[in-house]
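The structure appears right after this line, and notes come after that.
The values are calculated or read from the model by the stated rules, or taken from the named source; none is laboratory data. This structure is a prediction, so every number in the text was calculated from the model and none was measured. So basically every Cβ, Gly included, is an ideal-geometry build from the backbone, and we count neighbours across all protein chains shown. The accessibility values were calculated without ligands, DNA or RNA, using every heavy atom of the protein model including side chains. Shrake-Rupley method; radii C 1.70, N 1.55, O 1.52, S 1.80 Å.
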Amino acid sequence: MRRPLYGWLAAEGMSLVGTRVSMVALPFFVLTTTGSPEKTGLVAVAEMLPLVVLKVLGGPVIDRVGARRVALTCDWASLLVVGSVPLLHEAGMLSFPAFLALVAVAGALRGPGDAAKASLAPTLATTAGVPMERVTGLSSTVERTASMLGAALAGGLVAVLGAANALAVDAVSFGVSALLLAWALPAGTRAEDDPDAPTDDAPYFEQLREGWRFLRSDPVLVGITVMVALTNLLDLAWSAVMVPVWGVERAGGAAAVGLLFATFSGASAVGSLLAAAYGERLPRYATYLACFLVTGLPRFLVMAWDTPLVGVLAVAVVAGFAAGFLNPILGAVIYERIPPALVGRVSSLSTAACFALMPLGGLVGGFLVGGVGLGAAMALTGVAYFVVTMLPAVDPRWRDFDRRPEPAVTAGASAQ
């Protein structure tokens, strides 16, 4: 029963490569067709806002009709929506308002689509007969590898084919993802030990409230959600503003920035792969603290001190490797604490909350660099990162990380 797991991972990888291509192609498309940085920023908002909102609102739908159906529907619809952008552009029929609308619809589809795919993890762990850390570790490995390859592919596609045609590749990736999911997860697939999962017929908004009540009632889930939301903000300030400024002012340009990100992502993929293989044997709480100590403050300080590029890359290797262990651990804890019938709505709410502060990251990074300079901005952000990630060291509730459920508790809900 490994086919569902491997097919899901392949579909995730294909979808993520396409997403990374669109992250580069969309802003280049806007800049080359309008020449307006303001419109480029507006497009980013048009995509992210519906993505977060529909990720929240789609949770009850995932639990009611099945993660497989939602994921397939969103992938096929995304193929049509994203694919229409280069077609309409080539025909001279794509106005900027129409483009904004298509981007918003694409974001609205990606929110529940991504959430549905992610919520399949507990079912796949059960059907494959592997620990949850194995599934989340492999998923994290695929994510980080696809991010690295997708960014490199995007640069080549935009340079050779143009931004519009690069978006066509993104559209095709959704179709391939849907085909892989349909092949790997036949209709009617269910967790082996829960063939008669009950149907929740409560009204939609009651289901949504139930998911929210469960999330806020679990101190560990609340703590993870708040911590990840804050670190996402700080990470975005680092990657979107501080690292590019460091590249221009101290490292010689964009090549150094690309090398830094590629080094960090590659080391993270290796760490995630090892977490997939050995994560179930590690103490989660101690591993969490140790990995955040390594991946957090040091990478900020080494750049704040104007370290030569080789030193920055050396720290990036170690920090990236440690970072690779974090998502598998956090993902396993999250999925194991959520009842199968609530996986869709609770995981969607938690993920949406984790995304909520990311649009502010660029603003925070810009104001810090502009106000106190790059070195001080790096140091202040690193200290904030340290405080946010080390609070669990003084909060005894986080020691519940190490509580692993009995095998029956991790049974997945319907994947149909």
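Annotations
- Listed by position, the helices (runs of 4 or more DSSP H) contained in segment 1-112 that have at least 2 residues being small (Gly, Ala, Ser) are 3-34, 37-57, 67-90.
- The residue list ALA46, ALA77 contains one member that is touching a helix residue (DSSP H, G or I) at 6+ places or on another chain (Cβ under 9 Å), open to solvent by less than 50 Å² (accessible area, probe 1.4 Å) and modelled with pLDDT of 85 or more, which is ALA77.
Table: residues versus (1) closer than 24 Å to GLY111 by Cα; (2) surrounded by fewer than 18 Cβ atoms within 10 Å (Cβ to Cβ); (3) touching a residue at least 40 places away in the same chain (Cβ under 8 Å).
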{"residue": "ALA267", "(1), (2), (3)": "no, no, yes"}
{"residue": "GLY271", "(1), (2), (3)": "no, no, yes"}
{"residue": "THR287", "(1), (2), (3)": "no, no, yes"}
{"residue": "ALA290", "(1), (2), (3)": "no, yes, no"}
{"residue": "VAL315", "(1), (2), (3)": "no, no, no"}
{"residue": "GLY331", "(1), (2), (3)": "yes, no, yes"}
{"residue": "TYR335", "(1), (2), (3)": "yes, no, yes"}
{"residue": "SER348", "(1), (2), (3)": "yes, no, yes"}
{"residue": "ALA352", "(1), (2), (3)": "yes, no, yes"}
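- Filter result for PHE300 (more than 30 Å from PRO339 (Cα to Cα) and modelled with pLDDT under 85): no
- Test result for LEU363, open to solvent by 30 Å² or more (accessible area, probe 1.4 Å), closer than 18 Å to SER239 by Cα, modelled with pLDDT under 85 and in a helix (DSSP H, G or I): yes
- If the condition is being over 15 Å from GLY382 (Cα atoms) and open to solvent by 60 Å² or more (accessible area, probe 1.4 Å), then segment 292-308 contributes only PRO308.
- Lone qualifier among MET132, MET148 - being surrounded by fewer than 22 Cβ atoms within 10 Å (Cβ to Cβ), closer than 19 Å to PHE325 by Cβ and in contact with a Lys or Arg (Cβ under 9 Å, 6 or more places away or on another chain): MET148
- Number of positions in segment 5-24 that are of a type outside the set (Ser, Thr, Tyr) and open to solvent by 10 Å² or more (accessible area, probe 1.4 Å): 10
- Residues in segment 214-243 that are of a type outside the set (A, V, I, L, M, F, W, C), over 16 Å from the mean Cα position of the chain (by Cα) and surrounded by 17 or more Cβ atoms within 10 Å (Cβ to Cβ) were compared, and the one that is nearest to VAL383 (Cα to Cα) is GLY223.
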